[in-house]
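Below: the structure, in structure tokens.
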Amino acid sequence: MNLDSLRAFVAVAEEGQFRYAADRLELSQQAVSKRIAALEASLGVTLFDRVPTGATLTEQGRRFLPHAHSVLIAARHAIESVQSEARPLRVDILGSRLLPAVLMLDFHHTHPEIALKTLVLRGLNAAVPALIAGEIDATFAYHPEPLPSGLNSMVAYLEPHDVIVGDRHPLANRTTVPLDELRAYTIWIPGIIEGSEWGAFYRELSADFGLTIDSTGPNFGFEDLVETVAESKSLVTFWGERTREAGPWLRNLRRLRVVDPTPVYPWSLIRLRANKHPDLTTLVEHIRDHHPPPTDTTSLWLPHQLRR
């Protein structure tokens, strides 16, 4: 059985769309489609139903998925058993401009001797199976629900959230804004994925403070989001303290610290307990030593499960 076809099948099953699977595998969408078609032809069954929102597993596909995972895990263990050189440490950073990328860049500068590979998966729904299968060694994420047995989690960074507005917005001349005051505005966060951990974070935040969060509209990335907010008289969006800007900060954009309290996004470093990669311990120690969580959280808003 062709392992590349199995990898394509698992990626589409987990991502739900051929284009996301193609991004994950660093292939063209056409190449992924061809591999799936070849696998279906060899098995004599249809593994996916093509729907407007992407691809869903058929009954045969659902039965086949755990076995495909097992084959890929066995193949990886077989390869690693005879490799003489250590493979790179593989870490999911969720997005190249988000806080995990900043943390891993700092780790790389501190430990340039460690071979490192960063990947961009699409949240816990993709990262957890990848951790269990050994496809990655660690991921950074917020997990609103308990993790599956065998996974370890430690708080990596409590990231304060600011807001950004255009220079014609009513808040433009301020430097801070109380969280309660944001009730008067619609906060635009396009592209929140249903069932995502960041969706759960914003739902809980909006419920606690009566905020209105609008996730509609196409998500064309950071550049489009920032430019749209900068030109608007009414739009507000949250912005992580360590989010990396795309190019120079726009002159007609204003950034305000949210206070009383300041909402923080709780990033955790998550790994498989049984993972014995020699550099994983170094990463854990680096995060623990360089980014300890604050001892006083009275001025911060945290999701309920993390409150002391």
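The values are calculated or read from the model by the stated rules, or taken from the named source; none is laboratory data. Quantities reported herein were computed from a predicted structural model and do not represent experimental measurements. All Cβ positions, glycine included, derive from the backbone under ideal geometry; neighbour counts span all protein chains shown.
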Next on the checklist: Of the conditions (1) in contact (Cβ under 8 Å) with a residue 24 or more places away in the chain; (2) surrounded by fewer than 17 Cβ atoms within 10 Å (Cβ to Cβ); (3) farther than 30 Å from Leu116 by Cβ; (4) of a type in the set (Gly, Ala, Ser), Ala37 satisfies every one except a single condition; which number is it?
Outcome noted: (1)
Checklist entry - Given the conditions (1) more than 23 Å from the chain's Cα centre (by Cα); (2) closer than 23 Å to Leu6 by Cα, and given that Leu121 satisfies all but one, which numbered condition is not satisfied? => result (1)
Next on the checklist: If I filter the stretch 50-67 for residues that are within 27 Å of Leu280 (Cα to Cα), part of a helix (DSSP H, G or I) and either assigned by TED's automatic domain parsing to the domain that holds Ala133 or not hydrophobic (A, V, I, L, M, F, W, C) (or both), do I get at least one hit?
Outcome noted: yes
Checklist entry - Which ones in the stretch 180-199 are of a type outside the set (Phe, Trp, Tyr) and without any contact (Cβ under 8 Å) to a residue 60 or more places away in the chain? => result Glu181, Arg183, Ala184, Thr186, Ile187, Ile189, Pro190, Gly191, Ile192, Glu194, Gly199
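Condition check: touching a Lys or Arg at 6+ places or on another chain (Cβ under 8 Å) and either farther than 24 Å from Phe9 by Cα or of a type outside the set (A, V, I, L, M, F, W, C) (or both). Does His143 satisfy that? Reasoning before the result, please.
Values: touching a Lys or Arg at 6+ places or on another chain (Cβ under 8 Å): no; either farther than 24 Å from Phe9 by Cα or of a type outside the set (A, V, I, L, M, F, W, C) (or both): yes.
For His143, the condition - touching a Lys or Arg at 6+ places or on another chain (Cβ under 8 Å) and either farther than 24 Å from Phe9 by Cα or of a type outside the set (A, V, I, L, M, F, W, C) (or both) - is not met.
From the list Thr56, Thr46, exactly one residue is at negative phi, among the hydroxyl-bearing types (Ser, Thr, Tyr), surrounded by fewer than 20 Cβ atoms within 10 Å (Cβ to Cβ) and within 23 Å of the chain's Cα centre (by Cα). Which is it?
Working: Thr46 fails: within 23 Å of the chain's Cα centre (by Cα).
After applying the criteria, what remains is Thr56.
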Checklist entry - When residues of the stretch 133-151 are filtered for being more than 14 Å from the chain's Cα centre (by Cα), among the hydrophobic types (A, V, I, L, M, F, W, C) and modelled with pLDDT of 90 or more, how many remain? => result 2
Checklist entry - Only one of (1) in contact (Cβ under 8 Å) with a residue 40 or more places away in the chain; (2) exposed (fewer than 15 other Cβ atoms within 10 Å of the Cβ) fails for Pro88. Which number is that? => result (1)
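Take the stretch 19-34 and flag every residue that is without any contact (Cβ under 8 Å) to a residue 24 or more places away in the chain, charged (D, E, K, R) and under 25 Å from Lys117 (Cα atoms). Talk me through it step by step, then tell me what you get.
First, the residues of the stretch 19-34 that are without any contact (Cβ under 8 Å) to a residue 24 or more places away in the chain: 19, 21-22, 25-31, 33-34.
From what's left, charged (D, E, K, R): 19, 26, 34.
Within the stretch 19-34, Arg19, Glu26 qualify.
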Next on the checklist: Among the residues of the stretch 139-155, what is the count of those that are touching a residue at least 60 places away in the same chain (Cβ under 8 Å) and either surrounded by 22 or more Cβ atoms within 10 Å (Cβ to Cβ) or not in a strand (DSSP E or B) (or both)?
Outcome noted: 8
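Results for (1) within 30 Å of Ile136 (Cβ to Cβ); (2) free of Cβ contacts under 8 Å to residues at least 12 places away in the same chain, shown as yes or no for each residue.
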position	(1), (2)
Asp214	no, no
Glu241	yes, no
Glu245	yes, no
Val258	no, no
Leu280	yes, no
Glu285	yes, yes
Leu300	yes, no
Pro303	yes, no
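Looking only at the stretch 7-25, count how many residues are closer than 23 Å to Ala74 by Cβ and surrounded by fewer than 20 Cβ atoms within 10 Å (Cβ to Cβ). Don't jump to the end; show me each part of the working.
Of all residues in the stretch 7-25, those closer than 23 Å to Ala74 by Cβ come to 7-15, 21, 24-25.
Subset that is surrounded by fewer than 20 Cβ atoms within 10 Å (Cβ to Cβ): 25.
Here the count works out to 1.
Somewhere in the stretch 156-170, is a residue part of a loop (DSSP other than H, G, I, E, B), of a type in the set (A, V, I, L, M, F, W, C) and touching a residue at least 40 places away in the same chain (Cβ under 8 Å)?
Taking the stretch 156-170 and keeping what is part of a loop (DSSP other than H, G, I, E, B), we get 167-170.
Still in the list and also of a type in the set (A, V, I, L, M, F, W, C): none.
There is no residue in the stretch 156-170 that is part of a loop (DSSP other than H, G, I, E, B), of a type in the set (A, V, I, L, M, F, W, C) and touching a residue at least 40 places away in the same chain (Cβ under 8 Å).
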Checklist entry - Out of curiosity, is Val71 in contact with a strand residue (DSSP E or B) (Cβ under 6 Å, 6 or more places away or on another chain), part of a helix (DSSP H, G or I) and not assigned by TED's automatic domain parsing to the domain that holds Ile193? => result no
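Tell me, yes or no, whether the stretch 93-115 has at least one residue that is in a strand (DSSP E or B) and within 14 Å of the chain's Cα centre (by Cα). I'd like the intermediate steps shown before the answer.
Taking the stretch 93-115 and keeping what is in a strand (DSSP E or B), we get none.
Checking the stretch 93-115: not a single residue is in a strand (DSSP E or B) and within 14 Å of the chain's Cα centre (by Cα).
Mind listing whichever residues of the stretch 163-180 are within 30 Å of Pro292 (Cα to Cα) and surrounded by fewer than 19 Cβ atoms within 10 Å (Cβ to Cβ)? Please lay out each step first, then the result.
First pass over the stretch 163-180, keeping only residues within 30 Å of Pro292 (Cα to Cα): 163-164, 175-180.
Scanning the stretch 163-180 gives Thr175, Thr176, Pro178, Asp180.
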